[in-house]
Amino acid sequence: MADLLTPDELEARLRHVGETRYHHLHPFQLRLQSGACSRGEIEAWALNRYLYQACIPQKDAAILARMEDAQMRRDWRQRIIDHDGEREGEGGIAKWLKLTDDLGLDREAVVSGRLALPATKFAVNAYLSFVKDKSLLEAIASSLTELFSPMVIKTRVSGMLANYDFITPETLAYFTARPVQAKRDSDFALAYVKENAKTPEQQQAAIGALEFKCSMLWAMLDALEHAYLYAQPWPDAFVPADAPAKREAAE
Ligand SMILES: O=C(O)c1cc(C(=O)O)c2c(n1)C(=O)C(=O)c1cc(C(=O)O)[nH]c1-2
C-alpha cells in the first residue's frame, strides 16, 4: 500500500513521470528536432499527428460532460474552443491543417485518416476511451502531459526551423499559441489533481493516468519510427516520395 503523499510530493511524483517518460526523450522526436528526419518522415509525422489533434476536442468534450460543477465546465470549455475555433478556419485543428497543407499533403487524405498508421488510430482511441471509462480525476490527470509540452515544443520548433529549409515560422504557426495555452491548462489540471487526489489510491491513479498518457504519446512515435525508418509501412499507409530509396538501402 502506497503512503499518502502531500500535494507537493504528489506534484513531484507527477513531474518525475514526465521527466522520465514524456515523448521529449523519444528517438523520433530527437531525430525530428536535430534535422535527421527525411521530408517524408516529417510529412508522415504531421499526417499521423493530425488524428491526435482532431481527437483532443472530442476528449475534452467527454471530460466536460462528466463535470458537475458549472465553473469547471466554463473553464474547461476554453480547451475545445482553442482547438475547434469559434468558426470555420480558426483554432488549432485549422492551424494543424496549415502545417499539412504547407507540406503538400492532400487535405482529404489527412482529415480522413485513411493513410494513418494502425497504431496511431489505436493510440488515439485509447485516449478517448480512457477519459470516458476512468474516473474524472484520472481523465483530468491524463492531460498533465501538457506540463511538459512547452519545453518539447520550444526545442522542436527551433530545431525544425534551423534544420529544414522547407519549414518556415508560418508552417509551424500551430505551435505559437500552444505554450501559453498549455501552461494555463496544466496549471488548472494540476491544481485540481493536487486538491482532489485525497487518498493513496487516488494519488496512485493520478500518477498512473499520466504514465498512461506518456505511453500513448510514446506509442505514436514508436509507430512512426518503425514504419518509416525500419520497415515497410502498413499497406494502406501514407508513402512519402523518398521512401523507396530508403527501403532499398535498408535491404
Ligand atoms: O507538441 C507536443 O508535443 C504536444 C504534446 C501534448 C501532450 O503532451 O499531450 C499536447 C500538444 N502538443 C498539443 O498541442 C495539445 O493541444 C494538447 C492537448 C493535450 C491534452 O492532453 O489535452 N495534450 C496536448
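What follows draws every value from the coordinates through simple rules; no lab data is involved. Since the structure is predicted, the reported quantities are computational estimates derived from the model, not experimental observations. With ideal geometry, Cβ positions are generated from the backbone for all residues, glycine too; neighbour counts draw on all protein chains shown.
Summing charges over neighbours of LEU5, with a neighbour being any other residue whose Cβ is under 14 Å away from its Cβ, gives -2 when K and R count +1 and D and E count -1. About its Cα centre, the dipole of segment 1-117 is roughly 260 debye, where the only charges are +1 on Lys and Arg Cβ and -1 on Asp and Glu Cβ.
Just list whichever of LYS98/LYS154; LYS98/LYS134; LYS59/LYS134; LYS95/LYS154; LYS98/LYS132; LYS98/LYS213 have alpha carbons separated by over 24 Å in the model shown. In this structure, LYS98/LYS134; LYS98/LYS132; LYS98/LYS213 lie more than 24 Å apart at Cα.
For the chain, the Cβ-based charge dipole about the Cα centre amounts to some 140 debye (Lys, Arg positive; Asp, Glu negative; other atoms uncharged).
Restriction of the GluC sites (Glu not before Pro) in segment 5-83 to DSSP coil positions whose beta-carbon has at most 10 other beta-carbons within 10 angstrom yields GLU68. For the chain, the mean residue ellipticity at 222 nm estimated from helices alone is -23000 deg cm²/dmol, where every DSSP H run of n ≥ 4 contributes -39500 (n - 2.57) and the total is divided by all residues, rounded to the nearest 500. Considering the chain, its Cα convex hull presents a mean projected area of 14.0 nm². Put a dot 7 Å past the Cα of GLU86, heading toward its Cβ, do the same for ASP8, and the two dots end up 4.1 nm apart.
Excluding the site residues themselves, the longest part of the chain lacking any trypsin sites (Lys or Arg not before Pro) in a DSSP loop with at most 12 other Cβ atoms within 10 Å is 1-86. Per-residue Karplus couplings for segment 193-208, computed as 6.51 cos²θ - 1.76 cosθ + 1.60 with θ equal to phi - 60°, are listed in order as 5, 5, 7, 9, 8, 9, 10, x, 5, 5, 5, 5, 5, 5, 4, x Hz, Gly and Pro entered as x. Positive contributions from Lys and Arg (+1) and negative ones from Asp and Glu (-1), summed over other residues with Cβ under 15 Å from the Cβ of VAL180, come out at +2. If a spin label sat at a point 7 angstrom from the Cα of GLU170 along the line to its beta carbon, the backbone N atoms of segment 77-111 nearer than 20 Å would be those of 89-107. When the charge dipole of the chain is built from unit charges on Cβ atoms (+1 for Lys and Arg, -1 for Asp and Glu) and taken about the Cα centre, the candidate among ALA139, ALA237, LEU161 whose Cα reaches farthest toward its positive end is ALA139. Counting Cα-Cα pairs of segment 16-164 in 5 Å increments starting at 0 gives whole-percent bin shares of 2, 8, 15, 20, 21, 18, 10, 5, 1, 0.
The HN-Hα couplings worked out from phi for segment 98-108 by the Karplus form 6.51 cos²θ - 1.76 cosθ + 1.60 (θ = phi - 60°) are 5, 5, 5, 4, 4, 7, x, 7, 6, 4, 4 Hz, whole numbers, x standing for Gly and Pro.
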